[in-house]
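Coordinate-derived values only; no laboratory data. No experiment lies behind these values; they were computed from the predicted model shown. Using ideal geometry, Cβ is built from the backbone for each residue, glycine included, and neighbour counts are taken over all protein chains shown.
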Amino acid sequence: MMNSSSQERVLLLVGSAKRPRSTSESLGTYLGERLGERGFEAQTLLLHRALKSDQGREDLLAAADRADVLVIAFPLYVDSLPYLVIQAMEHIASHRQARGEVKEQRLVAIANCGFPEAHQNDTALAICRQFAREAGFEWAGGLALGGGEAINGKSLSQVKGMARNVVKSLDLTADALTEGQPAPQEAAEAMAKPITPAWAYALLGGMGWKRRAKKHGAQKKLYDRPYHQS
């Protein structure tokens with residue numbers, strides 16, 4: 001339960017370098033807003049900006065020190081974390097080890113990938129859980145979303161019905177964090193439900209691939225096999 005004598009703080013770290021907005025930012029922002037409605041003081045840092053300078057890194061560490069809940073939202077990069085997130089984790093871990101005693105803080109991770117299957121994020125979330133253990137955070141759960149490109153940086157209110165399970169997941173997580181609890185299993189299961197049917201994902205993905213090929217004059221090369229040996 002939130003300490004009545006002081007306002008709790010949540011810090012959102014967005015690990016995507018996509019501009020102007022990313023799916024990671026959309027997911028994390030929604031959770032931060034819901035926590036803000038529940039009495040938290042919310043702050044957002046975009047890691048591609050925060051890590052560009054010494055001052056930015058100092059501000060990141062100071063914000064992490066103040067936070068009661070740290071939320072890391074990021075896209076999947078080859079079964080792992082973007083280098084921005086890894087770099088931030090290294091800075092935070094080193095800083096906390098140098099300080100020695102730190103206050104109790106919770107860590108939540110939200111991973112999204114372009115693959116339709118949410119379980120593709122499992123390894124990345126396991127890395128986040130291990131980071132929490134080694135850096136002295138209380139692990140408050142990981143949420144995995146497949147087919148994140150369907151959101152594509154839009155606010156969840158814009159995506160509407162397609163994002164109903166995502167909204168449900170983040171609402172449940174906000175309620176749990178407010179009560180001092182980790183994200184519940186129900187939240188993880190809701191987030192993992194496909195945004196679009198597998199057949200629709202394959203159809204739209206194929207159409208998008210062909211549009212890109214046409215844009216770059218490669219539409220006749222999609223079936224080339226330059227390294228095939230007969």
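With a simple spin-label model that places each label point 7 Å from the Cα along the Cα-to-Cβ direction, the separation between Val102 and Lys18 comes to 2.9 nm. Shown here: log10 I(q)/I(0) by the Debye sum over Cα atoms at q = 0.10, 0.16, 0.17, 0.18 Å⁻¹, derived from the displayed model; of the candidates [x] -0.57, -1.03, -1.11, -1.20; [y] -0.48, -1.09, -1.21, -1.34; [z] -0.41, -1.16, -1.34, -1.53, it corresponds to [y].
Sum up the charges of everything whose Cβ sits under 13 Å from the Cβ of Phe115, counting Lys and Arg as +1 and Asp and Glu as -1, but leave Phe115 out.
Working: positive: none; negative: Asp79, Glu117, Asp122, Glu149.
Net local charge, Phe115 excluded: -4.
In the chain, the longest principal axis of the Cα atoms and the axis of helix 83-99 are about 20 degrees apart.
At 4 °C and 1.567 mPa s, grab the translational diffusion coefficient of region 61-194 from Stokes-Einstein with a Kirkwood Rh over Cα pairs, rounded to a whole number in µm² per second. This corresponds to a translational diffusion coefficient of 85 µm²/s.
As a test, work out the antiparallel percent of DSSP beta bridges whose residues both lie in the chain, rounded to the nearest 5.
Numbers: 1 of 25 bridges.
Once the DSSP bridges in the chain are tallied, antiparallel ones form about 5 percent.
Placing pseudo-labels 7 Å out from each Cα toward the beta carbon at Gln87 and Thr123 gives an inter-label distance of 2.2 nm.
Ignoring GluC sites (Glu not before Pro) that are buried or in helix or strand per DSSP, and keeping those with at most 16 other beta carbon atoms within 10 Å, what is the longest stretch of the chain between them?
1-100
Taken about its Cα centre, region 1-151 carries a charge dipole of roughly 220 debye when the Cβ of each Lys and Arg holds +1 and the Cβ of each Asp and Glu holds -1.
Taking chymotrypsin sites (Phe, Trp or Tyr not before Pro) as exposed when their DSSP state is a loop state and no more than 11 other Cβ atoms lie within 10 Å, the longest site-free interval of the chain runs over 1-222.
For region 91-198, state which trypsin sites (Lys or Arg not before Pro) are in a DSSP loop and have at most 16 other beta carbons lying within 10 Å of their beta carbon. Don't jump to the answer; show the numbers that get you there.
On the way: sites: Arg96, Arg99, Lys103, Arg106, Arg129, Arg133, Lys154, Lys160, Arg164, Lys168; in loops: Lys103, Lys154.
Of the trypsin sites (Lys or Arg not before Pro), the ones in loops of region 91-198 whose Cβ has at most 16 other Cβ atoms within 10 Å are Lys103, Lys154.
Between Lys168 and Lys52, the contour length at 0.36 nm per residue exceeds the alpha carbon distance by 38.3 nm. Between Glu189 and Ala218, the distance separating the two model label sites (each 7 Å from Cα on the Cα→Cβ line) works out to 4.2 nm.
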